[in-house]
Amino acid sequence: MKSFKPREPPIGGDSGGGGRNAPADFRGEKRSNQTHQSTTDPDARLYRKGPGMEAKLCFIGHGLMENRSGLIVDARLTRVSGHAERLAALVMIEGFADRPRAVTLGADKGYDAADFVEELRTINVRPHVARNTSGRRSAIDRRTTRHPGYAASQRIRKRIEEAFGWIKTVAGLRQTKLRGLPKVDWSFTFAAAAYNLVRAPKLIAAAT
């Protein structure tokens, strides 16, 4: 976080001294991705995962999981933005959407947006998205929730957290040692492939 500095240095420069790892006090300072940038990794963005949580410099990793096997069938990394997760989901599911029978996409309530749900239906994907009813009308109605498959998708979709947990802890990507979007994207995809290889023996044993 010490590397997250103003894009335009203050008039007079930084006279604090102390070398490359000088102490820094951010209290009372307003910092945002529009006014500040990391000097060690300009691709990283400041991001807060939820209300009251600490903001950190990071990327966002996205994974598309096949429900029956729990394997990751697509993985990619993007810069932080307000719509990064929905845009990545559309790109990843598009390759599986062109089928005679509609496929389903399970997702949490963060994906409950009218434009996202409509886009899924346009490409012949059934939006099995958790309903977000906190102060607004959900884009998911009875024509979706009445099907037994919707409840199944809501139950199974949570298994994606097992993959992300493994990638963060065992694969060591909770704090990456690489810099730059291309390199971190490569390591994230490699970790997702490794997760599949770890799961594969169990799936093969269960099938025989």
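The values are calculated or read from the model by the stated rules, or taken from the named source; none is laboratory data. What you are looking at is a predicted structure, and each value in this text was computed from that prediction instead of being measured. Every residue, glycine as well, gets a Cβ built from its backbone with ideal geometry; the counts of neighbours run over all protein chains shown. Areas reflect the complete protein model, heavy atoms only, side chains present, ligands, DNA and RNA absent. Shrake-Rupley method; radii C 1.70, N 1.55, O 1.52, S 1.80 Å.
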Residue hits (region 46-81; among the aromatic types (Phe, Trp, Tyr) and buried (at least 19 other Cβ atoms within 10 Å of the Cβ)) are Phe59
All conditions in (1) of a type in the set (A, V, I, L, M); (2) closer than 30 Å to Lys56 by Cβ; (3) loosely packed, with under 14 Cβ neighbours inside 10 Å are true of Ala191 except (3)
Sole miss for Asp141 among (1) of a type outside the set (A, V, I, L, M); (2) open to solvent by less than 90 Å² (accessible area, probe 1.4 Å); (3) more than 21 Å from Leu90 (Cα to Cα) is condition (3)
All conditions in (1) more than 19 Å from the chain's Cα centre (by Cα); (2) within 20 Å of Leu64 (Cα to Cα); (3) crowded, with 18+ Cβ neighbours inside 10 Å are true of Leu105 except (1)
When region 122-138 is checked residue by residue, the ones that are open to solvent by less than 60 Å² (accessible area, probe 1.4 Å) and either free of Cβ contacts under 8 Å to residues at least 12 places away in the same chain or of a type in the set (S, T, N, Q) (or both) are Asn132, Ser138
Scanning region 152-177 for residues that are out of contact with any strand residue (DSSP E or B) (no Cβ under 8 Å at 6 or more places or on another chain) and open to solvent by less than 60 Å² (accessible area, probe 1.4 Å) gives Ala152, Gly165, Trp166, Ala171, Gly172, Thr176
Hey, Arg143 over 21 Å from Gly70 (Cα atoms) and part of a loop (DSSP other than H, G, I, E, B) or not = no
Within region 66-125, of all residues that are out of contact with any Asp or Glu (no Cβ under 8 Å at 6 or more places or on another chain), among the basic types (Lys, Arg) and in a loop (DSSP other than H, G, I, E, B), the one nearest to Lys49 (Cα to Cα) is Arg68
